[in-house]
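Reading through the structure tokens given below for one structure.
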Amino acid sequence: MEYEKNFINCLIVHKPEEGYRLSHHLHHSCKEAKTLEVLSNWEEAIRFLEYGHKADLIIGSFELTDLHPFVFEKLDKKIPVIFTSTKPFVTEKAFSLNCMDFLNDDPSEDRLAKSFEKYKRLYSQNQISTTGTAQSPDTSQPKSRFLVKSGEKLFYKNPKDVAFFLAEGGLTYLVEMDTGEKFIVDHKLKNLEDQYLDPQQFFRINRSIILNIKAIHSIKKYPNNRLQITPKTSYRDEIIVSREKVSKFKNWMNQ
């Protein structure tokens with residue numbers, strides 16, 4: 001179904017039988033609710049949104065995230081999510097997304113109605129655009145400092161202290177501008193890129209690195225239409241702008 005203004009346009013991610021039953025219940029529990037699609041897995045949901053479709057709310061099975069754990073990094077953090085589960089419980093992983101509620105796998109219409117009341121309290125009143133479309137609030141803003149760890153010690157670093165963020169060995173590191181020292185930071189690169197960094201100052205040059213423009217000493221051509229960055233800080237490995245990022249990187253540099 002098409003996205004419509006003045007409705008709560010819902011994307012349901014569930015096994016088909018349970019998903020259609022849930023869709024039936026939500027229409028009875030909230031007159032403004034509308035089902036856009038019932039999708040059988042989270043990969044389809046991510047693809048649905050990447051194709052440019054919009055949704056105001058996602059209602060989906062938490063158990064199905066086991067099959068597609070990347071959903072916690074790839075799904076748009078601005079879209080509120082209600083998880084259903086055979087054993088509903090609050091989990092830290094769920095709150096890496098914009099999780100606003102946990103329900104039983106087959107919730108009653110009364111329980112669904114309470115979730116929609118919560119949604120309307122949080123989103124509907126102040127999130128109507130000039131076209132009348134319900135919008136999720138963009139609460140993300142660049143961080144003024146980052147809590148980091150080295151050994152057993154905790155420190156904070158300001159964005160100006162950062163040469164780049166590095167994903168390596170399943171961890172994310174903040175690499176310090178002055179010293180080249182690496183500190184563990186408790187954020188995925190995707191979250192940093194989407195929510196916590198100033199896009200004027202930081203750019204993701206490849207899968208592993210988000211670079212501070214102030215950390216660039218020089219740039220030169222590199223094989224296969226890539227670019228090589230020489231940083232101002234001490235760093236032993238090559239820093240390469242991937243081929244698919246080169247054009248956007250040049251535009252970013254030329255603002």
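Tabulated data for the structure shown
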| quantity | calculated |
| --- | --- |
| Tally of residues being among the hydrophobic types (A, V, I, L, M, F, W, C) and either outside the structural domain of Tyr235 (by TED's automatic domain parsing) or farther than 23 Å from Arg207 by Cα (or both) across the range 149-180 | 2 |
| Positions within the range 1-27 being within 14 Å of Phe116 (Cα to Cα) and of a type in the set (Ser, Thr, Tyr), in sequence order | Ser23 |
| Of all residues in the range 99-148 being under 30 Å from Lys182 (Cβ atoms) and modelled with pLDDT of 80 or more, the one that is surrounded by the fewest Cβ atoms within 10 Å (Cβ to Cβ) | Ser144 |
| Strands (runs of 3 or more DSSP E) lying entirely in the range 31-90 (those with 2 or more residues that are charged (D, E, K, R) and either at negative phi or touching a residue at least 40 places away in the same chain (Cβ under 8 Å) (or both)) | 33-39 |
| Meets criteria (assigned by TED's automatic domain parsing to the domain that holds Pro80, more than 18 Å from Leu75 (Cβ to Cβ), in a helix (DSSP H, G or I) and free of Cβ contacts under 8 Å to residues at least 40 places away in the same chain) for Glu17 | yes |
| Selected residue (criterion: surrounded by the most Cβ atoms within 10 Å (Cβ to Cβ)) from residues of the range 32-80 that are closer than 22 Å to Phe116 by Cβ and among the hydroxyl-bearing types (Ser, Thr, Tyr) | Ser61 |
| Tabulated pairs, the range 143-160, first farther than 14 Å from Asp186 by Cβ, second among the hydroxyl-bearing types (Ser, Thr, Tyr), C-beta under 8 angstrom, 6+ apart or interchain | Asn158/Ser144; Pro159/Ser144 |
| One residue from Glu44, Glu2 being over 23 Å from Arg111 (Cα atoms) and not assigned by TED's automatic domain parsing to the domain that holds Leu103 | Glu2 |
| Single residue of Lys34, Lys15 found to be in contact with a His (Cβ under 9 Å, 6 or more places away or on another chain) and over 19 Å from Leu97 (Cβ atoms) | Lys34 |
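The values are calculated or read from the model by the stated rules, or taken from the named source; none is laboratory data. These numbers come from a predicted model, not from an experiment. Virtual Cβ from ideal backbone geometry, glycine too; neighbours counted across all protein chains shown.
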